[in-house]
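Visitor: Sharing a structure below in structure tokens format, with a few things to ask.
The values are calculated or read from the model by the stated rules, or taken from the named source; none is laboratory data. Being a predicted model, the structure only gives us computed values, none of them experimental. As a convention, Cβ positions derive from the backbone with ideal geometry for all residues, glycine included, and neighbour counts pool all protein chains shown. In case anyone asks, the SASA skips ligands and DNA or RNA and just uses the protein heavy atoms, side chains included. Shrake-Rupley method; radii C 1.70, N 1.55, O 1.52, S 1.80 Å.
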Amino acid sequence: MAIESNYLPSVLTDRINIFNYFYSMQRLSFLLVLSFVFISIFAKGQSDTIQTFSFKDSTKRNGMFKFPAATEKYRKVLMYYTLKCYPKVSKYDNKYPCGEWDYLTYTFVTDKKGVVYEIARYITPYGINLSLGPKGFTWVYDVTDYQLLLTDSVKLSAGNTQELLDLKFVFIKGTPPAKVVKINQIWNTGAASYSYKNLDSNKVLKSKSIYVEPNASVLKFRSRITGHGHNRSYDSLPHCCEWKNNVHSLYSGNKLIKDWHIWQTLDCADNPVFPQGGTWPYAREGWCPGDKVKDTEFDITNYKTGDSLQMDYKITPVPLENPGMGGGNYVMAMHVIQYARPSFTNDAEVYDIISPSASQINGKFSPSCTEPKIIIRNNSTDTMGSLNLEYSISGGYKMKYRWTGSLGFLQTQTIQLPIYDAGFYRGDGQNIFTCSITKRNNKVDSYADNNTMTSPFKMPDIYKDKIYVEFKTNNFSNENRYTIKDSHDSIVINKDNLVANKIYRDTLKNLKPGCYTFELLDDGTDGITFWANPDQGSGYLRFRKATGNTVLKNFGVDFGYRIYYAFIIDSLQIGQQPVYGNEPSHDEVIIQPNPSKGSFTLITSGLSGIYELEIVDAIGHIVLKRSVNTETEQDIEVKDLKVSSGIYFVRLANGSKKIVRRLLVN
């Protein structure tokens, strides 16, 4: 449904019914993309919490609320959006405790002048037989950019009534990276729906000039776009605009500022809210059922001229051979955030901890015993080229890592922190991970309050007895493969080229005590049994006890793209521990640049003798191997590595000494 208006009230939702459509949908295969999430535990700083809507009131979705005074100072504002199914069948749905269909819902704030701003968007899940847990499921939004609107008395609306909603705002006290002086809604207020053909023909979102405030030092573009509709001239894929991967472009005059995509390649199929009742796992244009809508953000400061900024939006043209696609629509909110001069000259932030984590949004990849994964952010205007980090488990030993790269103001990067083995996770049983910044660009960070973050987590299941994996393939066995890896990321079992409708049994014998990760992938992104694809038949996956055949773990079959399962055999061993002092440890080998396009340098320090260099892909294939003399070749150059984009492991080995670094090629 395409709704042409300047403001979509929160009670108006866009029903996205694709029940009949997917019976004819072709099989698709997608690549992995990452999405970013937030964790609510901060090591330093106090916070103020504002409770708005709650589970107790199933009908209230708009109202006035008392927020902190404009004079209060906060470094971050997070919005916690929690949905829960009704205890019984909802009177708003009449069929299920959670609403049956996926709907567009909005979080709107009306300012003191009566102007409506959208600060967040969410698509409800397919609720057939869905459980969101006894306490509900929480999504976290960073709404710090909208802090100007969240002061004193605030008129707020959010969500719809097909699920129970709890909405709270957490204000983290401190100094923000930069004060927001103005929020410009470029083309519309609230959120507006535009037809694809009108966007293409430039009947809407025409070139517009934005006034730049005198005290604005940095300008950021922030967009929130979702594609909807199944429009086309003939019945073949893709249908628009829910299912068409378009290019979105921002111009200043004739200058291209940036092209970007909003296609959710694997975000839907890896959604931790699963299984849902509808066609939840398939990739869509800018959204997934049962997930928050992700914003696109980038710096546009260099495109201002004097006190103005000229902006124009463009999109992939409607295909000439399929003009019916032009009837699809996009719901859009696009803002310019104007910041004052940044607060600090040398500030970085541990922005998020993805793993280890007990957060619901990270649940599909938790528990985990592999390398911790965090998001770092540069909060100063100069380029951040390096970051020194320390990290540990409560009661465990401390690791150090030096990241190198290039991040501009407010840019983020997801990084993995090296560990020797899963023994890193042995601690005092409290299971709390802590990560801290010690230096930014080789200097002490100038703002300590955002340097440290902690994350509670759960340990993987422990198996004391011998076990085996039992996997039954379906009709489409060519879509499936599975691996078991140890904590060094070495492959223990690799099963590919599977036969249809066959039962495979792999006994996990001769495995040393430690942590292992099992991963089953489905290239069709719809698990091994799925209601909308009956042609694939059915399969199953179990972990069984080797003696007695007791089922120890029975995995769901409607899992989207992957099953990720970490487990411990016998116990975690202490393993190798770092020695700090004269040996710089993780400065021994630095990869620059990283990420790389295939040419990079291994900068070594303190190594001597002949080392075997190997570069290995994610499934263990060696893509490069040679010997290097680190006494005569301290800077090891690798030129024009002919590999596809992805994650690789660079290994240097000299007898018992082994060094492993992670490389990203793009």
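Visitor: Out of the residues in the stretch 23-74 that are more than 22 Å from the chain's Cα centre (by Cα) and of a type in the set (F, W, Y), state the one that is modelled with the lowest pLDDT.
Guide: Y23
Visitor: Follow-up. Looking only at the stretch 617-630, count how many residues are assigned to a loop (DSSP other than H, G, I, E, B) and without any contact (Cβ under 8 Å) to a residue 24 or more places away in the chain.
Guide: If we filter the stretch 617-630 for residues that are assigned to a loop (DSSP other than H, G, I, E, B), which is where we start, we get 618-621, 630.
If we keep only those that are without any contact (Cβ under 8 Å) to a residue 24 or more places away in the chain as well, we get 621.
Of the residues in the stretch 617-630, 1 are assigned to a loop (DSSP other than H, G, I, E, B) and without any contact (Cβ under 8 Å) to a residue 24 or more places away in the chain.
Visitor: Continuing with this model, one more query. Of the residues E637, E583, E633, only one is of a type in the set (D, E, K, R), surrounded by fewer than 17 Cβ atoms within 10 Å (Cβ to Cβ), modelled with pLDDT under 80 and farther than 30 Å from V492 by Cβ; which? Step through it out loud before you land on a result.
Guide: On the way: E637 fails: modelled with pLDDT under 80; E633 fails: modelled with pLDDT under 80.
Among E637, E583, E633, only E583 is of a type in the set (D, E, K, R), surrounded by fewer than 17 Cβ atoms within 10 Å (Cβ to Cβ), modelled with pLDDT under 80 and farther than 30 Å from V492 by Cβ.
Visitor: For the subset of the stretch 403-415 comprising residues that are surrounded by fewer than 17 Cβ atoms within 10 Å (Cβ to Cβ) and either touching a helix residue (DSSP H, G or I) at 6+ places or on another chain (Cβ under 6 Å) or among the polar types (S, T, N, Q) (or both), which member is modelled with the lowest pLDDT?
Guide: Taking the stretch 403-415 as the starting set, the residues that turn out to be surrounded by fewer than 17 Cβ atoms within 10 Å (Cβ to Cβ) are 404, 406, 408, 412, 414.
Still in the list and also either touching a helix residue (DSSP H, G or I) at 6+ places or on another chain (Cβ under 6 Å) or among the polar types (S, T, N, Q) (or both): 404, 406, 412, 414.
Details: T404: 91, S406: 95, T412: 97, T414: 96.
Here the answer is T404.
Visitor: Consider I183 carefully, then state whether it is within 30 Å of C98 (Cβ to Cβ), touching a His at 6+ places or on another chain (Cβ under 9 Å) and aliphatic (A, V, I, L, M).
Guide: Numbers: within 30 Å of C98 (Cβ to Cβ): no; touching a His at 6+ places or on another chain (Cβ under 9 Å): yes; aliphatic (A, V, I, L, M): yes.
Taking the combined requirement at face value, the residue does not satisfy it.
Visitor: Just checking, does the stretch 592-614 include any residue being of a type in the set (A, V, I, L, M), in a strand (DSSP E or B), open to solvent by less than 40 Å² (accessible area, probe 1.4 Å) and touching a Phe, Trp or Tyr at 6+ places or on another chain (Cβ under 7 Å)? Talk me through it step by step, then tell me what you get.
Guide: Let us first name the residues in the stretch 592-614 that are of a type in the set (A, V, I, L, M), namely 602-603, 607, 610, 613.
Keeping just the survivors that are in a strand (DSSP E or B) gives 602-603, 610, 613.
When the remaining residues are screened for being open to solvent by less than 40 Å² (accessible area, probe 1.4 Å), the result is 602, 613.
Pick out the ones that are also touching a Phe, Trp or Tyr at 6+ places or on another chain (Cβ under 7 Å) and you get none.
No.
Visitor: Also: If we scan the stretch 431-454, do we find a residue that is buried (at least 21 other Cβ atoms within 10 Å of the Cβ), under 27 Å from V616 (Cα atoms) and of a type outside the set (V, I, T)?
Guide: no
Visitor: In the stretch 405-422, what residues are under 30 Å from Q573 (Cβ atoms), among the β-branched types (V, I, T) and under 18 Å from the mean Cα position of the chain (by Cα)?
Guide: Going residue by residue through the stretch 405-422, those that are under 30 Å from Q573 (Cβ atoms) are 414-422.
From what's left, among the β-branched types (V, I, T): 414-415, 419.
Of everything in the stretch 405-422, those that are under 30 Å from Q573 (Cβ atoms), among the β-branched types (V, I, T) and under 18 Å from the mean Cα position of the chain (by Cα) turn out to be T414, I415.
Visitor: Among the residues that make up the stretch 370-384, is at least one of them open to solvent by 40 Å² or more (accessible area, probe 1.4 Å), over 13 Å from F424 (Cα atoms), among the hydrophobic types (A, V, I, L, M, F, W, C) and in contact (Cβ under 8 Å) with a residue 12 or more places away in the chain?
Guide: So the first thing to find is which residues in the stretch 370-384 are open to solvent by 40 Å² or more (accessible area, probe 1.4 Å), and the list is 373, 381-383.
Going one step further and asking which of them are over 13 Å from F424 (Cα atoms), we end up with 373, 381-383.
Restricting the remaining residues to those that are among the hydrophobic types (A, V, I, L, M, F, W, C) gives none.
No.
Visitor: Residues that are over 20 Å from F409 (Cα atoms), at least 1 per element: which strands (runs of 3 or more DSSP E) completely within the stretch 295-399 meet that? Spell out how you get there, then give the answer.
Guide: On the way: elements: 296-299, 308-315, 329-339, 348-355, 373-378, 384-393.
Per the criteria, 308-315, 329-339, 348-355, 373-378, 384-393.
Visitor: Please go through the stretch 126-152 and give me each residue that is within 18 Å of W101 (Cα to Cα) and crowded, with 20+ Cβ neighbours inside 10 Å, ordered by number.
Guide: Result: Y126, G127, L130, L132, F137.
Visitor: Also: Kindly indicate the residue of the stretch 75-91 that is surrounded by 20 or more Cβ atoms within 10 Å (Cβ to Cβ) and farther than 26 Å from C268 by Cα and also farthest from the chain's Cα centre (by Cα) among those meeting that condition.
Guide: The initial filter retains those residues of the stretch 75-91 that are surrounded by 20 or more Cβ atoms within 10 Å (Cβ to Cβ), namely 75-79, 81-86, 90.
With farther than 26 Å from C268 by Cα added as a condition, the list becomes 75-77.
On the way: R75: 22, K76: 19, V77: 19 Å.
Per the criteria, the residue is R75.
Visitor: Within the stretch 210-217, identify whether any single residue is under 12 Å from Y330 (Cα atoms), modelled with pLDDT of 95 or more and in a strand (DSSP E or B), and answer yes or no.
Guide: At the first step, the residues of the stretch 210-217 found to be under 12 Å from Y330 (Cα atoms) are none.
No, the stretch 210-217 has no match at all.
Visitor: Residues of the stretch 245-280 being open to solvent by less than 50 Å² (accessible area, probe 1.4 Å), more than 21 Å from the chain's Cα centre (by Cα) and not small (G, A, S), which ones? So that I can check it myself, show each step before the final result.
Guide: Filtering the stretch 245-280 down to residues open to solvent by less than 50 Å² (accessible area, probe 1.4 Å) leaves 246-250, 252-253, 257, 260, 262-273, 276-280.
From what's left, more than 21 Å from the chain's Cα centre (by Cα): 249-250, 252-253, 257, 277-278.
Residues satisfying the conditions are L250, I257.
Visitor: Report yes if K197 is buried (at least 18 other Cβ atoms within 10 Å of the Cβ), among the charged types (D, E, K, R) and touching an Asp or Glu at 6+ places or on another chain (Cβ under 9 Å), otherwise no. Spell out the reasoning first.
Guide: Values: buried (at least 18 other Cβ atoms within 10 Å of the Cβ): yes; among the charged types (D, E, K, R): yes; touching an Asp or Glu at 6+ places or on another chain (Cβ under 9 Å): no.
The answer is no for K197.
Visitor: Say we look at the stretch 92-115 and pick out the residues that are more than 28 Å from the chain's Cα centre (by Cα) and β-branched (V, I, T); which of these is surrounded by the most Cβ atoms within 10 Å (Cβ to Cβ)?
Guide: The extreme case among them is T110.
For (1) open to solvent by 20 Å² or more (accessible area, probe 1.4 Å); (2) touching a residue at least 60 places away in the same chain (Cβ under 8 Å); (3) in contact with a Lys or Arg (Cβ under 9 Å, 6 or more places away or on another chain); (4) in a loop (DSSP other than H, G, I, E, B), each residue gets a yes or a no:
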residue	(1), (2), (3), (4)
I462	yes, yes, no, no
E470	no, yes, yes, no
N474	no, yes, no, yes
N497	yes, no, yes, yes
Y504	yes, no, yes, no
K509	yes, no, yes, yes
L520	no, no, yes, no
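Visitor: Here is a further query. Do you know which residues across the stretch 539-567 are outside any strand (DSSP E or B) and open to solvent by less than 60 Å² (accessible area, probe 1.4 Å)?
Guide: The first filter runs over the stretch 539-567 and keeps only residues outside any strand (DSSP E or B), leaving 539, 546-550, 555-561.
Within the stretch 539-567, G539, A546, F555, G556, V557, D558, F559, G560, Y561 qualify.
Visitor: Looking at D640, D635, D617, can you tell me which residue is touching a Leu at 6+ places or on another chain (Cβ under 8 Å) and of a type outside the set (S, T, N, Q)?
Guide: On the way: D640 fails: touching a Leu at 6+ places or on another chain (Cβ under 8 Å); D617 fails: touching a Leu at 6+ places or on another chain (Cβ under 8 Å).
Residue meeting the stated conditions: D635.
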